[in-house]
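Just so it is clear, none of the values below were taken in a lab; they were calculated from the coordinates. This is a predicted model, so every value here is computed, not measured. Quick reminder, even Gly has a Cβ in these numbers, built from the backbone with ideal geometry, and neighbours come from all protein chains shown.
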Amino acid sequence: MWGAGAGPQTISVSAANQWDVWSNQPNTPGIKSYPHETINIGKPLSSIKSLTSSFNQQVPGGGAWDTAYDIWDSSNEHEIMLWTNYTGNPDGGGNVKPISYHYAPSGAAIPVYSNVNIGGATWNVFEGFNGHKVISLLRTSKTNNGTVDIKSVLDWIKSKNYFGDIKVGSVQYGVEITSSPGGMNFNFNNWTVTSK
């Protein structure tokens, strides 16, 4: 939990990859919490033959939040976020927005690449800085279950010269909660990460 005025939150764990969170966050700007799971990879990108992850979740109809992967290199200089579902808009507008260097007069984050097909999904890509480099990919078609080809995403980002042969650190998955007034439930089931 972080952020000014953060409210109460309870996490319940049923199994290593099955958990839920009830969170009651006020309708104010800023992310209040990111309950998540983590697995450490600890390998150079060039030595990874495949890196995929599957997710399955149930989310509320209201509030302001995004379910997302948060992927870090081992030096914590590069952060890659992959939004799978969210209450904002794929173009960077709405009540949750990715970090960006540039914003439109409407307040929407401006993508640096739009409708990019990577690993079988279509993404809008945003670039920003939050004490370190942040690349955010928002799925243009929101979903509560699926498989993400993380290796393909990282290779594509590397091809755009955002980084070199980084050592992949942690892969996290959970929900960034900005607001969930009155208390809302988020359920996560059968999250897996497979690396070869």
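In whole Å and largest first, what semi-axes does the C-alpha gyration tensor of the range 142-190 yield when each eigenvalue is scaled by 5 and square-rooted? Can you show the working numbers first?
Values: eigenvalues 181, 37, 23 Å².
Values for the range 142-190, descending: 30, 14, 11 Å.
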Could you check what % of the DSSP bridge pairs in the chain are antiparallel, to the nearest 5?
-> 90 percent
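Find the relative contact order for the range 63-172 and round it to a whole percent, using C-alpha pairs within less than 8 Å whose residues are 6+ positions apart. Could the numbers behind the result be given before it?
Working: 223 pairs, mean separation 32.5, N = 110.
Relative contact order of the range 63-172: 30 percent.
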Compute the separation of the alpha-carbon centres of the range 117-194 and the range 1-75 and state it in Å as a whole number.
-> 10 Å
If you place +1 on the Cβ of every Lys and Arg, -1 on the Cβ of every Asp and Glu, and leave all else neutral, what size is the dipole of the range 36-92 about its Cα centre, to the nearest 20 Debye?
-> 280 debye
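Working out 0.36 nm times the residue gap between Ser141 and Thr52, then minus their Cα-Cα distance, what length gain in nm do you get to one decimal? Spell out each step's value before the answer.
Numbers: separation 89, 0.36 × 89 = 32.04 nm, distance 1.89 nm.
Between Ser141 and Thr52, full extension yields an extra 30.2 nm.
Taking the convex hull of the alpha carbon atoms in the range 6-117, what volume per residue do you get, in Å³?
Values: hull volume 17.6 nm³, N = 112.
Cα-based convex hull of the range 6-117, divided per residue, equals 157 Å³.
Against the 2.2 N^0.38 Å scaling, with N counting residues, where does the chain land? I'd like the Cα-based Rg ratio to two decimal places. Mind showing how you got there, number by number?
Numbers: Rg = 16.0 Å, N = 196, 2.2 N^0.38 = 16.3 Å.
Working it through for the chain, the quotient is 0.98.
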Extended-chain gain in nm, criterion 0.36 nm per residue less alpha-carbon gap, Tyr103 and Asn76 = 7.2 nm
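Got the relative contact order for the chain handy, in percent, Cα pairs under 8 Å and 6 or more residues apart? Intermediate results must be reported in sequence, preceding the final value.
Details: 489 pairs, mean separation 76.0, N = 196.
Reported as a whole number, the value is 39 percent.
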What is the pair-distance distribution P(r) of the range 87-196, computed from all Cα-Cα distances in 10 Å bins starting at 0, with each bin given as a whole percent?
-> 11, 40, 38, 10, 1
Which length gain, in nm to one decimal place, applies between Ser170 and Lys158 when the Cα-Cα distance is subtracted from 0.36 nm times their residue separation?
-> 2.6 nm
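What value, in deg cm²/dmol to 500, does the helix sum -39500 (n - 2.57) over DSSP H runs of n ≥ 4 give at 222 nm once divided by the residues of the chain? Mind dumping the intermediate values first?
Numbers: 1 runs with 10 residues, N = 196.
It comes out at -1500 deg cm²/dmol, rounded to the nearest 500.
About its Cα centre, what dipole magnitude does the chain give when the only charges are +1 on Lys and Arg Cβ and -1 on Asp and Glu Cβ, stated in debye to the nearest 20? Working shown, then result.
On the way: 12 positive and 13 negative charges, 54 e Å.
Result for the chain is approximately 260 debye, rounded to the nearest 20.
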Beta carbons within 10 angstrom, averaged per residue: use that to sort the peptides 40-46, 158-164, highest first.
-> 40-46, 158-164
Can you give the convex hull volume of the alpha carbon atoms of the range 77-136 per residue, in Å³?
-> 80 Å³
Per-residue ³J(HN,Hα) for the range 72-78, Karplus 6.51 cos²θ - 1.76 cosθ + 1.60, θ = phi - 60°, Hz, x for Gly and Pro | 10, 7, 5, 8, 6, 8, 10
Calculate the spin-label point distance for Thr38 paired with Gln18, positioning each point 7 Å from the Cα along the beta-carbon direction, and give it in nanometres.
-> 2.5 nm
